[in-house]
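**Student:** Please see the structure below; I have some questions.
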Amino acid sequence: MYKTNILFIIWLVTISTFIGVSHSSDLNPNELNSIRWLISQYQLQWSITATNCADIVGTTFFGTLTCSDNGVEESIQKINVRAGKTVDSGEPVYIEKLTFPLLTDFSFQTYSPAKNSSYNILTLLDNDAHVYLTNLLIYNININVTNTFPSKLPALNQLSFYNTIVYSDISLNNIFQISNIGVIDFSNLTFTSTYQLILSSNDTINSNIGTIGVADTPAFQTYGGLNITSTYFPSLTTLKLRYLTPEPVTLFNADRLNTVSFETANVTFGKLPALDSVELIKSTSSVSDFSIYYVTKLTLRNSYTPLTGASGLTLLSASNTFVPVIPPENWFAPTFTLLLSNTNTTGYLPEYPINSGTVSITGSQYNISVKLYESYCYMNLIFLPSTLLVDFDNIAECFYCYYPEIKANLPPNTPAPPSNYTCNYSIKQKAFPKLYPNGRNLGWGQNLAPKELTKDQNNRMYILRTRESFGKLTIYFSTTHNYAVDILWGMQLVVQYVHSINLDSGDMMLRFTGTFNTFAPMIITLENMAGPKCIVSTKSQTQLECIVSNYSTLAPVWVNISDTISNVTMYTSPPLIISEVKPNGNGFLTFVGNYGPAPYQVSVMFPTLFYPYSLTSTELIIYTAQKLIPNTNYTAQVLANGYTVNVTFSIPKIIKNDCGPNDNCYGHGNCSDICSCFSGYGGYYCELQLNPGVVILPNNTTPSPTIIVQNGLNFTFNIVAIQELDSLASVAKEILTTNWTVITLGDGNFSKTIYSLDPAIAPGVIAIIEYSKEMRVVEFAGQTTTYPENSLKLLVSITNWKYSDKLNHLRVILSTSATINSDCAQIDITVNNSTSVDYLKMTFDGQSLYGRFLPYGLADGVPALVTNHVVNQTKDAVLVGMTLPYCQACVIDPDFSVLIESGKKDKATCGGGDEKFAAWKIATIAVVCGVALAAAAITTAIVMKNKFKYRTEKTRVESKLSRI
């Protein structure tokens, strides 16, 4: 399949149409010989010496060659020759046949005589080489049609001869034998001697032909009469025949026949369900009332059968044919054309209930009486010179307004208007959202100004074409009569919002923002048109200001603005005030303010754009999908009604001290919610002394320093991986953090080592390890944190993470481990809460590595809660996952220090010890999002699914830990 498609595309690309563009390949030799023969034989204005299609045609406009090029040679697909200047290129060389193997269209028109009359163009084309020839059209060329033509053109669909002298009989029956023939069109054929165009309908059957046309051909003879039925011509839709002497034609049960046209024929109509268009010239018809058919177009010229009825006509054209009575309304479709000339018709012309159409009554007939109705003003054409006016008192104004221009179209006895006649012309409105001036008595489209003004419908509708969006102009429906109107135009009035501003003067200013027509007068009122007016002070296309005198309010007011083109009503918006920000829990925030009855484009930047979850006139609720940190200042930007307001807020925290026994931090620190340790002490409750004698060895490849506590005891930590979790805490994507570049800054007292992850793994991941010999206080995520001396602070920053779903979030996996040079030793690991880790301790022989995990971080610059939990634990290592909400700029900040447990020796011996957590135990975090409660059935399904995930993640993480 793919190879076929590729070959087909290549074949299409090679096809080119040559109308003067040079091409590298030459024509196939046989085709070049054939085209040169045509040039010589018919004295064409093409090059006889050129070798490719483009150069053969050159820059002339007397035809085209359409050719394909396979890269080796060209081949002709279409030949289109148009009559041009005669150029003698000498006698044509001898040729047995024309050869164009890919030829589909041959259209040949020339007025030059053939150089060698012994050749027959049809015989030369009728050969095995032209199996693709579909359309054959011959103009002005003498032809001889043999009894066997066409015998070798299986694809021939259209055969047309025009203005041609024929030196033989032509049998339509032979042509009908071509299975694919669909169109036969012969016009103005001149037969020499006694030759004829012959059709015998008794043995004619063709299932594909759709159109038969024979016109202006004197020697056209049908034997046995012409019978058109679905049996003989099941696909025939169009039949046009012109006879010189009357010939019988029978149309019966031709189910698809749609269009017929006959001249000098005696036509018998039968069952014709698809008949739509009938033309009869010098003919008789078995039908005088065509209402029995679905005919919409009826043309009668010099026909002998009177017309007595019709229905649904869009066209009735009758000339020199008897139409006894004026066609009534029920003969026509809603819009129609009526043309009567010399029809000897009698009666009153009715007031047809239409807005557009054509009525023309001409010729020697004066038995038609008319009234000049108003509806006639709006017809495309009203032409009544062969009628009599019978009502002189009710002549429609449009005829008198433009009497000199329309006089020739009226009944001859129509009186002229009085000398003091005043035309009552008018337009419905003088301001338009679109440039279609409309009204009454606007004329017949003569003597208009400016030139961009054109008629769309007589006396009613005009079109003014201009590139300007707004404007004002004087237009003339008649420069002769000075019928002029001043108009203005513009786009539809658009008001996005209205600001109300109370001025010190006691007045109120309204400032409208939107799209305004600077040419149009503005009318602005308050309280449903009944209140005070607002006087416009400044106006542009995008902003408008007006003043309401002695009026002010802080409440929204209903205001109406009109520019005579359109009208808008809406509430004003006083300055936006955000009075309160309330957390609703589970990520919802409510901003209380004066948004008004119909707020416009309300949103919140916090720090990214949030649209309303719920909105009333006083409350805006957004869903941030994150929990906020108490006692932290947050800034949000509220946008509403064209205002922008910055608001700072914080979430109050219920103080519940967690400072150890007696809330005194063991006497080594201050208690304020949690402990803040004095210099020299550390631990969650300041219960332990810091070890000043540790040695820290930086790592030049990964953010994993080695902390040497004593001979045989080392601690270390490392960033193992970054994971993207879905809403069910499954790992959607994971990268292993194994390849970093390193820069170290600082000195022995304070140093900063910056690790940047290889961008090929994940761009925008940075880890910074800071070491300080001194105690320091650092602000992070809106909180103040004390870092003891000789501690390590790790900051991890992740930016521009490519999430697979915006509902997902990130988890950083941190490994903390210990190394002991003893076969009979075990680390005592303490974690305060496996599902919400504040700290961990790894203790051996009175020495502890203390790791603190802050419960907050930064998400896109905004403080956000971080969930720290144990992912896995072994006898000498712990994996902690630090989970952040969805963010594009994410920062977390744990720290580590070494403590001394005075008088405490290692209680973990070869015989065992009680581990705080069983090896490989996984803590599963259930994240509940939303405001509503969850169904018990869903909870059960999640638990079952998580059991399977537990086994999978356990195996994967176990393998990972074994490599740390």
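**Student:** For the range 627-675, which positions are open to solvent by 30 Å² or more (accessible area, probe 1.4 Å) and assigned to a helix (DSSP H, G or I)?
**Tutor:** Pro661, Asn662, Asp663, Tyr666, Gly667
**Student:** Sticking with this one: Looking at the range 802-817, which of its residues are touching a residue at least 40 places away in the same chain (Cβ under 8 Å) and basic (Lys, Arg)?
**Tutor:** Of everything in the range 802-817, those that are touching a residue at least 40 places away in the same chain (Cβ under 8 Å) and basic (Lys, Arg) turn out to be Lys806, Arg811.
**Student:** While we're on this one: In the list Thr231, Thr250, Thr238, which residue meets the criterion of being of a type outside the set (A, V, I, L, M, F, W, C), open to solvent by 60 Å² or more (accessible area, probe 1.4 Å) and within 19 Å of Leu275 (Cβ to Cβ)? Full working, then the answer.
**Tutor:** Numbers: Thr250 fails: open to solvent by 60 Å² or more (accessible area, probe 1.4 Å); Thr238 fails: open to solvent by 60 Å² or more (accessible area, probe 1.4 Å).
Among Thr231, Thr250, Thr238, only Thr231 is of a type outside the set (A, V, I, L, M, F, W, C), open to solvent by 60 Å² or more (accessible area, probe 1.4 Å) and within 19 Å of Leu275 (Cβ to Cβ).
**Student:** Same structure, new question: Which one of Ser89, Ser107, Ser117, Ser112 is under 50 Å from the mean Cα position of the chain (by Cα) and more than 17 Å from Pro154 (Cβ to Cβ)?
**Tutor:** The unique qualifying residue is Ser107.
**Student:** Of Thr883, Thr924, which residue is modelled with pLDDT of 65 or more, within 25 Å of Ile719 (Cβ to Cβ) and hydroxyl-bearing (Ser, Thr, Tyr)?
**Tutor:** On the way: Thr924 fails: modelled with pLDDT of 65 or more.
Checking each option against the conditions leaves just Thr883.
**Student:** Follow-up. List the number of the failed condition for Lys271; all other conditions in (1) of a type in the set (Lys, Arg); (2) in a loop (DSSP other than H, G, I, E, B); (3) within 25 Å of Gln177 (Cβ to Cβ) hold.
**Tutor:** Going through the list (1) of a type in the set (Lys, Arg); (2) in a loop (DSSP other than H, G, I, E, B); (3) within 25 Å of Gln177 (Cβ to Cβ), Lys271 breaks only (3).
**Student:** Another question about this same structure. Looking at Thr553, is it touching a residue at least 24 places away in the same chain (Cβ under 8 Å), polar (S, T, N, Q) and assigned to a strand (DSSP E or B)?
**Tutor:** Spelling it out, it is not the case that Thr553 is touching a residue at least 24 places away in the same chain (Cβ under 8 Å), polar (S, T, N, Q) and assigned to a strand (DSSP E or B).
**Student:** For Asn163, are the conditions met, namely being open to solvent by 60 Å² or more (accessible area, probe 1.4 Å), assigned to a strand (DSSP E or B) and not acidic (Asp, Glu)?
**Tutor:** Spelling it out, Asn163 is indeed open to solvent by 60 Å² or more (accessible area, probe 1.4 Å), assigned to a strand (DSSP E or B) and not acidic (Asp, Glu).
**Student:** Name the residues in the range 583-610 that are among the hydroxyl-bearing types (Ser, Thr, Tyr) and open to solvent by less than 50 Å² (accessible area, probe 1.4 Å), would you?
**Tutor:** Correct list: Thr590, Tyr595, Ser603.
**Student:** For Asn832, which of the numbered conditions (1) in contact (Cβ under 8 Å) with a residue 60 or more places away in the chain; (2) surrounded by 17 or more Cβ atoms within 10 Å (Cβ to Cβ) fails to hold?
**Tutor:** Checking Asn832 against (1) in contact (Cβ under 8 Å) with a residue 60 or more places away in the chain; (2) surrounded by 17 or more Cβ atoms within 10 Å (Cβ to Cβ), the one that fails is (2).
**Student:** Need the failing condition index for Ile766 against (1) assigned to a strand (DSSP E or B); (2) more than 41 Å from the chain's Cα centre (by Cα); (3) over 14 Å from Asp893 (Cα atoms), just the number.
**Tutor:** Of everything listed in (1) assigned to a strand (DSSP E or B); (2) more than 41 Å from the chain's Cα centre (by Cα); (3) over 14 Å from Asp893 (Cα atoms), Ile766 misses just condition (3).
**Student:** Taking the range 490-523 only, how many residues are in a strand (DSSP E or B) and surrounded by 21 or more Cβ atoms within 10 Å (Cβ to Cβ)?
**Tutor:** Going through the range 490-523 one residue at a time, the tally reaches 6.
**Student:** If you don't mind, another one. Being of a type outside the set (Ser, Thr, Tyr) and either in contact (Cβ under 8 Å) with a residue 60 or more places away in the chain or closer than 30 Å to Leu865 by Cβ (or both) is true for just one of Ile547, Ile524, Ile535, Ile565. Which residue is that?
**Tutor:** Of Ile547, Ile524, Ile535, Ile565, the one residue that is of a type outside the set (Ser, Thr, Tyr) and either in contact (Cβ under 8 Å) with a residue 60 or more places away in the chain or closer than 30 Å to Leu865 by Cβ (or both) is Ile565.
**Student:** Any residue in the range 730-741 that's closer than 19 Å to Ser815 by Cα and of a type in the set (Asp, Glu): show its pairings with residues that are in a strand (DSSP E or B) and open to solvent by less than 50 Å² (accessible area, probe 1.4 Å) at Cβ separation under 6 Å, as long as the two are six or more apart or on different chains.
**Tutor:** Taking only residues 6 or more apart or on different chains, the pairs are Glu734/Ala721; Glu734/Gln723.
**Student:** I'd like to know if the range 697-708 contains one or more residues that are open to solvent by 40 Å² or more (accessible area, probe 1.4 Å), assigned to a strand (DSSP E or B), polar (S, T, N, Q) and assigned by the TED database to the domain that holds His809.
**Tutor:** yes
**Student:** Report, ordered by the first and then the second residue, all pairs with beta carbons closer than 6 Å, sequence separation of six or more or different chains, a first member in the range 162-173 that is hydrophobic (A, V, I, L, M, F, W, C), and a second member that is open to solvent by less than 40 Å² (accessible area, probe 1.4 Å) and part of a loop (DSSP other than H, G, I, E, B).
**Tutor:** Ile170/Val145
**Student:** Here's another thing I want to ask about it. Only residues that are open to solvent by 20 Å² or more (accessible area, probe 1.4 Å) and touching a Cys at 6+ places or on another chain (Cβ under 9 Å): list them for the range 476-489, please.
**Tutor:** His481, Tyr483
**Student:** Are any residues in the range 340-383 open to solvent by less than 40 Å² (accessible area, probe 1.4 Å) and among the aromatic types (Phe, Trp, Tyr), and if so, which ones?
**Tutor:** If the condition is that a residue be open to solvent by less than 40 Å² (accessible area, probe 1.4 Å) and among the aromatic types (Phe, Trp, Tyr), then Tyr352, Tyr376, Tyr378 are the ones that fit.
**Student:** Hey, does the range 422-432 have a residue that's of a type in the set (Phe, Trp, Tyr), open to solvent by less than 10 Å² (accessible area, probe 1.4 Å) and either modelled with pLDDT of 95 or more or assigned by the TED database to the domain that holds Thr480 (or both)?
**Tutor:** yes
**Student:** Assess whether Thr716 counts as being surrounded by fewer than 14 Cβ atoms within 10 Å (Cβ to Cβ) and assigned by the TED database to the domain that holds Gln847.
**Tutor:** On the way: surrounded by fewer than 14 Cβ atoms within 10 Å (Cβ to Cβ): no; assigned by the TED database to the domain that holds Gln847: yes.
The answer is no for Thr716.
**Student:** Just one of (1) on the phi > 0 side of the Ramachandran plot; (2) without any contact (Cβ under 8 Å) to a residue 40 or more places away in the chain trips up Cys659, so point out which.
**Tutor:** Unmet for Cys659, out of (1) on the phi > 0 side of the Ramachandran plot; (2) without any contact (Cβ under 8 Å) to a residue 40 or more places away in the chain: (1).
**Student:** Being modelled with pLDDT under 85 and of a type in the set (A, V, I, L, M) narrows it down to one of Ile212, Ile205, so name that one.
**Tutor:** Ile205
The values are calculated or read from the model by the stated rules, or taken from the named source; none is laboratory data. Small disclaimer: the values here were computed from a predicted structure and weren't measured. Don't worry about glycine lacking a Cβ; one is built from the backbone with ideal geometry, like all the others, and counts go over all protein chains shown. Quick note on the areas: whole protein, heavy atoms, side chains included, nothing else; ligands and nucleic acids left out. Shrake-Rupley method; radii C 1.70, N 1.55, O 1.52, S 1.80 Å.
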